[in-house]
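Okay, so here's the structure we're looking at.
The values are calculated or read from the model by the stated rules, or taken from the named source; none is laboratory data. Fair warning: this is a prediction, and the values are worked out from it, not measured in the lab. Positions of Cβ are generated from backbone atoms using ideal geometry, with glycine treated the same way; all protein chains shown enter the neighbour counts.
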């Protein structure tokens, strides 16, 4: 495996456009400040592009904007295997929208990168723009982990996330195909999917999925369903605090009797509960009540 190149990647998109670089070969006469005009036919898609789906409506809107104003933010490309051929690193939506808008060339910045960096840079751009779905992000993390040997902590540093966030996102890939398909199609949210991870088997997760979809459960209801299926008791609701007057009466009784006293007061009366913690304490209370009679 070739040595990994890390410089700048953890800094996000700002690091993709360095202040000073070696001279870039001229692709056309129209270039300034390191930005080249590259024919769209000379650019091939990034094989490591983590994003699998592009919303056609959003793409059409971007295309209309590009047709009106041009491409405002340059794409990022690297050299291809053949002369005058380039591989896209970041900006696939802009490239597709530019083609749809009828542009023959697009502004781009040329950057040297290896296979790993192509994935990392594409992932950084999409994550920072919140463009990736949870599954697309998880799959990109998996590639960085399995194919390039990066630890969860290293991935987290590269994409500006916490290690826990990376680990939890990767765990989504442990769900059965039926749950992953429902998540990909938007039938359930990432919150639903995370809740299902608490169930021990793929069968129980698939069964719970059916209940979620059939009953249109929200995430909180799904968490309750998972607790029930796991045999866990739901957390007891917090007890309401007694009003100050009732608390004052409890304190008076507690001080007078020398033991814990609970008072429940209603509109038509209530109950007093006197606690004792030994037979001797019970005898003392009974004797006291008898003497007061």
Check your understanding: Out of all the residues in the range 261-281, which are at pLDDT below 80 and not in a strand (DSSP E or B)?
Key -> 267, 268, 276, 277, 278, 279, 280, 281
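Residues of the range 190-222 being crowded, with 18+ Cβ neighbours inside 10 Å and assigned to a helix (DSSP H, G or I), which ones? Don't jump to the end; show me each part of the working.
To start, the set of residues in the range 190-222 that are crowded, with 18+ Cβ neighbours inside 10 Å comprises 192-196, 199, 205, 208-209, 212, 217, 222.
If the condition is that a residue be crowded, with 18+ Cβ neighbours inside 10 Å and assigned to a helix (DSSP H, G or I), then 192, 193, 194, 195, 196, 205, 208, 209, 212, 222 are the ones that fit.
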Review point. For the range 81-116, how many residues meet the condition of being in contact with a helix residue (DSSP H, G or I) (Cβ under 8 Å, 6 or more places away or on another chain) and assigned to a loop (DSSP other than H, G, I, E, B)?
Key: 9
Check your understanding: Considering the range 173-189 alone, what residues qualify as being outside the structural domain of residue 203 (by TED's automatic domain parsing), surrounded by fewer than 21 Cβ atoms within 10 Å (Cβ to Cβ) and not in a helix (DSSP H, G or I)?
Key -> 176
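Of the residues that make up the range 85-93, is at least one closer than 24 Å to residue 133 by Cα, out of contact with any strand residue (DSSP E or B) (no Cβ under 7 Å at 6 or more places or on another chain) and outside the structural domain of residue 185 (by TED's automatic domain parsing)? Steps first, answer last, please.
We begin by selecting, within the range 85-93, every residue closer than 24 Å to residue 133 by Cα; these are 87-93.
From what's left, out of contact with any strand residue (DSSP E or B) (no Cβ under 7 Å at 6 or more places or on another chain): 92-93.
Restricting the remaining residues to those that are outside the structural domain of residue 185 (by TED's automatic domain parsing) gives 92-93.
Within the range 85-93, one or more residues are closer than 24 Å to residue 133 by Cα, out of contact with any strand residue (DSSP E or B) (no Cβ under 7 Å at 6 or more places or on another chain) and outside the structural domain of residue 185 (by TED's automatic domain parsing).
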Point to revise | Count - residues of the range 239-258 that are in contact with a helix residue (DSSP H, G or I) (Cβ under 8 Å, 6 or more places away or on another chain) and either assigned to a helix (DSSP H, G or I) or at pLDDT 80 or above (or both) | key: 1
